[in-house]
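Peer 1: After the structure tokens below, expect a handful of questions from me.
The values are calculated or read from the model by the stated rules, or taken from the named source; none is laboratory data. Predicted model, so just to flag it, every value in this text is computed and none were measured. Methodologically, a virtual Cβ is constructed for each residue, glycine included, from the backbone with ideal geometry; neighbour enumeration extends over all protein chains shown. Protein only, heavy atoms only, side chains kept; ligands, DNA and RNA dropped before computing areas. Shrake-Rupley method; radii C 1.70, N 1.55, O 1.52, S 1.80 Å.
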Amino acid sequence: MEIQYKNNEVLGEEMQFAVHTSGLRVYVFPKKGFSKYYAIYGTEYGSVDREFIVPGDTEKTIVPDGIAHYLEHKMFEEEDGGNAFDRFAETGASSNAFTSFDMTAYLFTCTDKFYENLDILLDFVNHPYFTEENVAKEQGIIGQEIKMYDDDPEWRVFFNALEAMFHNNPVKIDIAGTVESISHITPEVLYSCYRTFYNPLNMALVLVGDVSMEEAMQYVDKHVEAGQALGKVERPIADEPKERVREYVEQKLVVSQPMFRIGFKDNRPGETGEVLLKKEIATEIAVEALAGKSSPLYMELYENGLIDASFGTEVDTERLYGFTLFGGESKDPQAVYDRVKKEIRSCQKEGLPKDAVERAKKCMVSAGIRLFNNVESMGNAFLRRVMNGSDPLGYAEMVGAVSYEDVMERFCEHFDTENCVLSVIRPAE
């Protein structure tokens, strides 16, 4: 096993990288003197992966919506009747998992017995156990979760915006699927998806703390078999029109004040690595310069009582999809929407303030440096970066390399005021 070392002398941080004989990528970020450890084990498999081509096949496979999330829930159950959560609890570790649009990850945090916990993590993720009985039992549990989110205003204003933006991209579909779609999930389908996406070439393991790569690899050898990798899964990019589905969507739920999201979809998916990271950074700089808390737009909306402290932004830029959202609570979401569009058109014509762009870049570099003080934040951010093919230690340098012209190009291309959407949740009468 060859271990590669990369140092960022400016940050005083190191990354160790090795590829296991199975093809699994393993990253260690040594944090000498830290009392906390963090491990996150992820696969490039999320809710958008409803259609794919298995390595070696020529025909497309289509699976029920929500299966990645369902699989995550079932992975913790073990053949002896126990579950991985109980095993972690016995060592004093805190464990969890999540499924996003494009990733599933399993993780733990601890201050002691790191390698014992790593052994548990690698064991249960590499040894699934599904039966007709435990799969059927989970359908009721996840069905209740889906119904709960159907009444969640934050969840609905978010997904209503995605549904208004996207025609065909599966990012518009709830991560958990629907009660109807999960009724078609069987042990056979779960095992099929597991073999396809939980293969080492499709996964990565990130370890943060006072960790030895050599010792960690002993546990990888124990649980991850060499030669079991199927290869990379082919994920077709959805044929998505540039135009939105509809401009306005409204729903009434139990809220005290209207909630809103203003959405812009990315019409340039398919990029990876440093190109994708540069696009993400340019978008975030533009958003901060336009509507950050120090911007004239934010101050105007706030002073006029159109927004409050809940106002914020979200940039989600991935290979298969992308979007930017502005949102919060407002007594008049339409007025906020109109004012944001007007400011975008003005800045596309006149240019974003250069001092605001430079200030946004400095803030992003500072945030990137602060990241190294928190093992959980490091692990989560770096897993995403390695899966997207970018350098985990190169973020600050990339921010510095993004020029004002890069930001304006992205700002004019992405923020199309003729195809943006407004999603609103209003108080039920």
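Peer 1: Looking at segment 1-50, which of its residues are open to solvent by less than 60 Å² (accessible area, probe 1.4 Å), farther than 17 Å from L383 by Cα and assigned to a strand (DSSP E or B)?
Peer 2: N8
Peer 1: Does segment 37-59 contain at least one residue that is of a type in the set (D, E, K, R), farther than 29 Å from G389 by Cβ and modelled with pLDDT under 95?
Peer 2: So far as segment 37-59 goes, no, none of its residues is of a type in the set (D, E, K, R), farther than 29 Å from G389 by Cβ and modelled with pLDDT under 95.
Peer 1: Here's another thing I want to ask about it. State the number of residues belonging to segment 68-80 that are out of contact with any Ser or Thr (no Cβ under 8 Å at 6 or more places or on another chain) and either open to solvent by less than 70 Å² (accessible area, probe 1.4 Å) or farther than 20 Å from Y106 by Cβ (or both). Reasoning before the result, please.
Peer 2: Residues of segment 68-80 out of contact with any Ser or Thr (no Cβ under 8 Å at 6 or more places or on another chain): 70, 73-80.
Subset that is either open to solvent by less than 70 Å² (accessible area, probe 1.4 Å) or farther than 20 Å from Y106 by Cβ (or both): 70, 73-78.
Total meeting the criteria: 7.
Peer 1: Follow-up. Confirm whether L325 is within 18 Å of C420 (Cα to Cα) and either of a type in the set (G, A, S) or open to solvent by less than 10 Å² (accessible area, probe 1.4 Å) (or both).
Peer 2: Taking the combined requirement at face value, the residue satisfies it.
Peer 1: Moving to a separate point now. Cβ contacts < 7 Å: first residue over 29 Å from D416 (Cβ atoms), restricted to segment 144-166; second residue part of a helix (DSSP H, G or I) and open to solvent by 40 Å² or more (accessible area, probe 1.4 Å), any location; separation 6+ or different chain. Result?
Peer 2: Every condition considered, the pairs that remain are I146/V179; Y149/W155.
Peer 1: Additional query: Determine which member of the set A97, A89, A161, A136 is aliphatic (A, V, I, L, M) and part of a strand (DSSP E or B).
Peer 2: Details: A89 fails: part of a strand (DSSP E or B); A161 fails: part of a strand (DSSP E or B); A136 fails: part of a strand (DSSP E or B).
Answer to the check: A97.
Peer 1: Still on this model: Name the residue, out of A291, A282, that is surrounded by 19 or more Cβ atoms within 10 Å (Cβ to Cβ) and in contact with an Asp or Glu (Cβ under 6 Å, 6 or more places away or on another chain).
Peer 2: None of the other options fit; the residue is A282.
Peer 1: I'd like to verify a number: residues in segment 92-120 that are closer than 19 Å to R384 by Cα and hydrophobic (A, V, I, L, M, F, W, C), how many?
Peer 2: 7
Peer 1: Restricting attention to segment 100-126, which residues are acidic (D, E), surrounded by fewer than 18 Cβ atoms within 10 Å (Cβ to Cβ) and outside any helix (DSSP H, G or I)? Talk me through it step by step, then tell me what you get.
Peer 2: First, the residues of segment 100-126 that are acidic (D, E): 102, 112, 116, 119, 123.
Adding the requirement that they be surrounded by fewer than 18 Cβ atoms within 10 Å (Cβ to Cβ) leaves 112, 116, 119, 123.
Result: D112, single match.
Peer 1: Still on this structure, please answer the following. Grab the helices (runs of 4 or more DSSP H) fully contained in segment 344-416, keeping just those with 2 or more residues being in contact (Cβ under 8 Å) with a residue 12 or more places away in the chain, hydrophobic (A, V, I, L, M, F, W, C) and open to solvent by 60 Å² or more (accessible area, probe 1.4 Å).
Peer 2: On the way: elements: 354-370, 375-388, 395-401, 404-414.
Of the helices (runs of 4 or more DSSP H) lying wholly inside segment 344-416, those with at least 2 residues that are in contact (Cβ under 8 Å) with a residue 12 or more places away in the chain, hydrophobic (A, V, I, L, M, F, W, C) and open to solvent by 60 Å² or more (accessible area, probe 1.4 Å) span 354-370.
Peer 1: Right, next: Look at segment 188-213 and say how many of its residues are open to solvent by 30 Å² or more (accessible area, probe 1.4 Å), under 26 Å from V375 (Cα atoms) and part of a helix (DSSP H, G or I).
Peer 2: Counting residues in segment 188-213 that are open to solvent by 30 Å² or more (accessible area, probe 1.4 Å), under 26 Å from V375 (Cα atoms) and part of a helix (DSSP H, G or I) gives 1.
Peer 1: From the set of residues in segment 214-248 that are of a type in the set (G, A, S) and within 16 Å of M1 (Cα to Cα), which is surrounded by the most Cβ atoms within 10 Å (Cβ to Cβ)?
Peer 2: A216
Peer 1: Taking the condition in contact with a strand residue (DSSP E or B) (Cβ under 8 Å, 6 or more places away or on another chain) and within 25 Å of D239 (Cα to Cα), does L320 pass? Please lay out each step first, then the result.
Peer 2: On the way: in contact with a strand residue (DSSP E or B) (Cβ under 8 Å, 6 or more places away or on another chain): no; within 25 Å of D239 (Cα to Cα): yes.
Criteria not met by L320.
Peer 1: Condition first: of a type outside the set (F, W, Y), open to solvent by 30 Å² or more (accessible area, probe 1.4 Å), assigned to a helix (DSSP H, G or I) and in contact (Cβ under 8 Å) with a residue 60 or more places away in the chain. Can you find one or more residues in segment 174-187 that meet it?
Peer 2: Restricting attention to segment 174-187, the residues satisfying the condition of being of a type outside the set (F, W, Y) are 174-187.
Keeping just the survivors that are open to solvent by 30 Å² or more (accessible area, probe 1.4 Å) gives 178-180, 183-184, 186.
If we keep only those that are assigned to a helix (DSSP H, G or I) as well, we get 179-180.
So of that shortlist, the ones also in contact (Cβ under 8 Å) with a residue 60 or more places away in the chain come out as none.
Checked segment 174-187: no residue is of a type outside the set (F, W, Y), open to solvent by 30 Å² or more (accessible area, probe 1.4 Å), assigned to a helix (DSSP H, G or I) and in contact (Cβ under 8 Å) with a residue 60 or more places away in the chain.
Peer 1: Considering (1) polar (S, T, N, Q); (2) part of a strand (DSSP E or B); (3) open to solvent by 60 Å² or more (accessible area, probe 1.4 Å), say which one Q251 fails and leave the rest.
Peer 2: Among (1) polar (S, T, N, Q); (2) part of a strand (DSSP E or B); (3) open to solvent by 60 Å² or more (accessible area, probe 1.4 Å), the lone unmet condition for Q251 is (3).
Peer 1: Mind checking which residues of segment 313-356 are of a type in the set (D, E, K, R) and farther than 12 Å from I262 by Cα?
Peer 2: Of all residues in segment 313-356, those of a type in the set (D, E, K, R) come to 314, 316, 318-319, 329, 331-332, 338-339, 341-343, 345, 349-350, 354-355.
Once the filter is applied, which keeps residues that are of a type in the set (D, E, K, R) and farther than 12 Å from I262 by Cα, segment 313-356 yields D316, E318, R319, K331, D332, K342, E343, R345, K349, E350, K354, D355.
Peer 1: Here's something else I'd like to know. Could you tell me whether segment 345-353 includes any residue that is at pLDDT 95 or above, farther than 15 Å from V287 by Cβ and touching a Leu at 6+ places or on another chain (Cβ under 8 Å)? Even if it seems obvious, please write down each step before you answer.
Peer 2: Step one: of segment 345-353, the residues at pLDDT 95 or above are 345-353.
Narrowing the set further to residues that are farther than 15 Å from V287 by Cβ leaves 345-346, 349-351.
Then drop every residue that is not touching a Leu at 6+ places or on another chain (Cβ under 8 Å), which leaves none.
The answer is no, given that none of the residues of segment 345-353 is at pLDDT 95 or above, farther than 15 Å from V287 by Cβ and touching a Leu at 6+ places or on another chain (Cβ under 8 Å).
Peer 1: Give me the pairs: first residue in segment 287-311 and over 14 Å from V357 (Cα atoms) and acidic (D, E), second residue in a helix (DSSP H, G or I) and open to solvent by 10 Å² or more (accessible area, probe 1.4 Å), beta-carbon distance under 9 Å, and six or more apart or on different chains, which are they?
Peer 2: E300/R339; E300/E343; D308/Y302
Peer 1: Also, I was wondering about something else. Among the residues of segment 267-304, write down those that are within 23 Å of the chain's Cα centre (by Cα), at pLDDT 95 or above and assigned to a loop (DSSP other than H, G, I, E, B).
Peer 2: Of everything in segment 267-304, just one residue is within 23 Å of the chain's Cα centre (by Cα), at pLDDT 95 or above and assigned to a loop (DSSP other than H, G, I, E, B), namely G292.
Peer 1: Taking the residues in segment 127-158 that are touching a Ser or Thr at 6+ places or on another chain (Cβ under 8 Å) and hydrophobic (A, V, I, L, M, F, W, C) as candidates, determine which candidate is most open to solvent (accessible area, probe 1.4 Å).
Peer 2: Selected residue: F158.
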